[in-house]
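*Asks:* Below: one structure in structure tokens.
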Amino acid sequence: MADQSEVAALQQALAGVHAACWGYGVLGPRLGDDEARGTATYQLYRSLRNQLIGLLRARSADPVAAQSGYALPFQVTGPDTARRLAVHLEDGCAAVFADLVAGAAGSDVRTFGARLLHDCAQRRLGWGAEPVAFPGMPEKR
């Protein structure tokens, strides 16, 4: 039987990736000169979605479905707000990938989650965000 905390963390990661796919679909056409990078990132998240679905099915779990739509945190009107949304999406995915690392039962999923977290941190910098000490972790105030 699959470790339930790992399955729950995989489900949360998949839910985050569903949201990222939707968000990159919204922001991609508004990126101007960065549209190709947005499209590539959208394709990356689609591939990642399929990987996560495979991991869940291998654990005899029914993968969580995508929502029909997601609320945007702000209106995306052009390249600047599209980049800002990309950073927001990467922050959200970093949080669920950090939780995946924490909830992993084995080193394979832990390593997978750590790689995903690292990749989010790199992408958010590429979209113009300031570096943070611990991507995926809430900032202390």
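Derivation of every value follows stated rules applied to the coordinates shown; laboratory data play no part. Quick caveat: nothing in here was measured; it's all calculated off a predicted structure. Quick reminder, even Gly has a Cβ in these numbers, built from the backbone with ideal geometry, and neighbours come from all protein chains shown.
Conditions tested, residue by residue: (1) hydroxyl-bearing (S, T, Y); (2) within 15 Å of the chain's Cα centre (by Cα); (3) farther than 21 Å from F134 by Cβ.
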site	(1), (2), (3)
R57	no, no, yes
G69	no, no, yes
L89	no, yes, no
G92	no, yes, no
V101	no, yes, no
A105	no, no, yes
D108	no, no, yes
T111	yes, no, no
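*Asks:* May I ask you to list the residues in the stretch 23-55 that are of a type in the set (S, T, Y) and under 14 Å from the mean Cα position of the chain (by Cα)?
*Replies:* Taking the stretch 23-55 first, the residues of a type in the set (S, T, Y) are 24, 39, 41-42, 45, 47.
Result: Y24, T41, Y42, Y45, S47.
*Asks:* Return yes when T77 is surrounded by fewer than 18 Cβ atoms within 10 Å (Cβ to Cβ), touching a residue at least 40 places away in the same chain (Cβ under 8 Å) and out of contact with any Ser or Thr (no Cβ under 6 Å at 6 or more places or on another chain) and no when it is not. Write out each step before concluding.
*Replies:* On the way: surrounded by fewer than 18 Cβ atoms within 10 Å (Cβ to Cβ): yes; touching a residue at least 40 places away in the same chain (Cβ under 8 Å): yes; out of contact with any Ser or Thr (no Cβ under 6 Å at 6 or more places or on another chain): yes.
Considered against the rule, which asks whether it is surrounded by fewer than 18 Cβ atoms within 10 Å (Cβ to Cβ), touching a residue at least 40 places away in the same chain (Cβ under 8 Å) and out of contact with any Ser or Thr (no Cβ under 6 Å at 6 or more places or on another chain), T77 comes out as yes.
*Asks:* So, one more: When only residues in the stretch 31-71 that are assigned to a loop (DSSP other than H, G, I, E, B) and touching a Leu at 6+ places or on another chain (Cβ under 7 Å) count, which is surrounded by the most Cβ atoms within 10 Å (Cβ to Cβ)? Give the steps one after another, and end with the answer.
*Replies:* Taking the stretch 31-71 first, the residues assigned to a loop (DSSP other than H, G, I, E, B) are 31, 59-71.
If we keep only those that are touching a Leu at 6+ places or on another chain (Cβ under 7 Å) too, we end up with 63-64.
Working: P63: 18, V64: 16.
Only one residue tops the list, namely P63.
*Asks:* Can you pull out the residues in the stretch 9-30 that are surrounded by fewer than 16 Cβ atoms within 10 Å (Cβ to Cβ) and within 16 Å of A104 (Cα to Cα)?
*Replies:* Within the stretch 9-30, no residue meets the criteria.
*Asks:* Quick check on my filter: what residues within the stretch 76-106 are assigned to a helix (DSSP H, G or I), small (G, A, S) and closer than 16 Å to L56 by Cα?
*Replies:* Step one: of the stretch 76-106, the residues assigned to a helix (DSSP H, G or I) are 79-103.
Pick out the ones that are also small (G, A, S) and you get 82, 86, 92, 94-95, 98, 102-103.
The answer is G103, and nothing else.
*Asks:* All but one of (1) in contact (Cβ under 8 Å) with a residue 24 or more places away in the chain; (2) over 22 Å from L125 (Cα atoms) hold for G54; state the number of the condition that does not hold.
*Replies:* Just one mismatch for G54, condition (1).
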